[in-house]
Ligand code: C5P
């Protein structure tokens, strides 16, 4: 006998991100670093289908599904559904199927996008009357990058990265992403950054701050200006843990990209290019580069978590 004869379905989508700027201050007492970052959502989407079910559950399918995504109570989509259930008292056991297109443990906020999409899907499935502000509050309890995955677009993030201020941009930027066959753990990369700073006796700039020149470059929309402002305090630590990234960055420079950066805590590299045509050329060159497990051409910015259409 089927315990849920009239199972209902709700779908949602949330995008991966890159950090155009990531300034990390000192380690705080709560285990997080004080950040000044600029997030931008890219056009690579996690899709979630939520169905009413007899028990809570999650499955991961799709192009970039890996066995390293947990399927137990630590899965971020499941945590998102359970959080909404506990806090609103509405809804009930839900099964989530994640169609994974953002690579796992790659510095692109794939897990955070899953959490954001699951909040939207659960709210839709059980008709919860939540607005964006409610979703952002729940999102912050699931992880530092989850509020941005809900909000999307371009935003400055301070605090843990979860206190957001939207940034207006007028231009679509073109990127080539180079994926790695390695996974890097975000806490490991932050730890290595602290070790490297301690070794050279160079304490963090505290508090970090987003340079005005970067915001001007975003306002004017010229990719050459943005290229000069891209920066990531985690890059050195990520390259230290995965030295081949330096060769791939060099290959991107030789291929004529405007700039290359480590995305978040890596190991994905994001190369800013002038236009869609250059993206095509660079993608071909990088896909033949040792240490590159796959490439994707994409654009930014893109919207935040939203119900699926159709
Ligand atoms: O919040 P989330 O679970 O995504 O963060 C993963 C880890 O990344 C944290 O436990 C912490 O080690 C590190 N982190 C940090 N400072 C931040 C964000 C993340 O040290 N602002």
(request) Compute the distance in nm between two label points, each set 7 Å from the Cα along the Cα-to-Cβ direction, one at residue 88 and one at residue 276. (result) 3.7 nm
(request) Output the Kirkwood hydrodynamic radius of the chain, Cα pairs only, in Å rounded to one decimal. (result) 19.7 Å
(message) I want to check the label-to-label distance for residue 137 and residue 195. Put each point 7 Å from Cα in the C-beta direction and report it in nm to one decimal.
(response) 4.1 nm
(message) Can you compute log10 of I(q)/I(0) for region 231-310 with the Debye formula, treating each Cα as one identical point scatterer, at q = 0.22 Å⁻¹?
(response) -1.02
(message) Once each part is reduced to its C-alpha centroid, what is the distance from region 132-173 to region 245-310 in angstrom?
(response) 22 Å
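If you take every DSSP beta bridge fully contained in region 1-152, what fraction is antiparallel? Give it as a percent rounded to 5. Walk me through the numbers before you get to the answer.
Numbers: 21 of 26 bridges.
Approximately 80 percent, going by the DSSP bridge assignments.
Which percent, nearest 5, of DSSP beta bridges in the chain are antiparallel?
Working: 50 of 57 bridges.
So the antiparallel bridges amount to about 90 percent of the total.
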(message) Can you tell me the length gained on complete extension of the stretch residue 9 to residue 127, counting 0.36 nm per residue apart and subtracting the Cα distance?
(response) 41.3 nm
(request) Which order do the peptides 163-172, 289-298, 134-143 take when ranked by the mean count of other beta-carbon atoms within 10 Å per residue, highest first? (result) 134-143, 289-298, 163-172
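Just need the relative contact order of region 21-74 here, percent rounded to a whole number, with Cα pairs under 8 Å and 6+ apart.
Working: 30 pairs, mean separation 11.6, N = 54.
In percent, rounded to a whole number, it is 22.
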(request) Obtain the nm distance between the two label points defined at residue 65 and residue 29 by a simple spin-label model: each point lies 7 Å from its Cα along the Cα-to-C-beta direction. (result) 4.4 nm
(request) Could you work out how far helix 244-254 tilts from the main Cα principal axis of the chain, as a 0 to 90 degree angle to the nearest 10? (result) 60 degrees
(request) Over the Cα atoms of region 59-206, compute the convex hull volume and normalise it per residue, giving Å³. (result) 160 Å³
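If I take every Cα pair under 8 Å that is 6 or more residues apart in region 260-310, average their sequence separation and divide by the length, what percent do I get for the relative contact order?
19 percent
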(request) Sort 258-270, 146-158 for me by packing, meaning the mean count of neighbouring Cβ atoms within 10 Å per residue, highest on top. (result) 258-270, 146-158
(message) Using only the alpha-carbon atoms, how far is helix 186-199 inclined from the longest principal axis of the chain? Give it as 0 to 90 degrees, nearest 10.
(response) 30 degrees
(message) If I fit a long axis through the Cα atoms of helix 276-287 and take the longest principal axis of the Cα atoms of the chain, what angle between them do I get, 0 to 90°, rounded to 10?
(response) 90 degrees
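Could you calculate the contour length gain from residue 168 to residue 73, that is, 0.36 nm times the residue separation minus the distance between their Cα atoms, to one decimal place in nm?
On the way: separation 95, 0.36 × 95 = 34.20 nm, distance 3.72 nm.
Using 0.36 nm per residue and subtracting the Cα-Cα distance, I get 30.5 nm.
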(request) Please report the relative contact order for the chain, taking Cα pairs under 8 Å with a sequence separation of at least 6, and give it as a percent rounded to a whole number. (result) 26 percent
(request) Using a 10 Å cut-off on Cβ atoms, rank the peptides 99-110, 30-41 from the highest mean neighbour count down. (result) 99-110, 30-41
(message) Tell me the mean residue ellipticity at 222 nm calculated for the chain from its helices only (DSSP H runs of n ≥ 4, each -39500 (n - 2.57), averaged over every residue, nearest 500).
(response) -10000 deg cm²/dmol
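We did not get these values from a lab; they are worked out from the coordinates using the rules stated. Source: prediction; values computed, not measured. Positions of Cβ are generated from backbone atoms using ideal geometry, with glycine treated the same way; all protein chains shown enter the neighbour counts.
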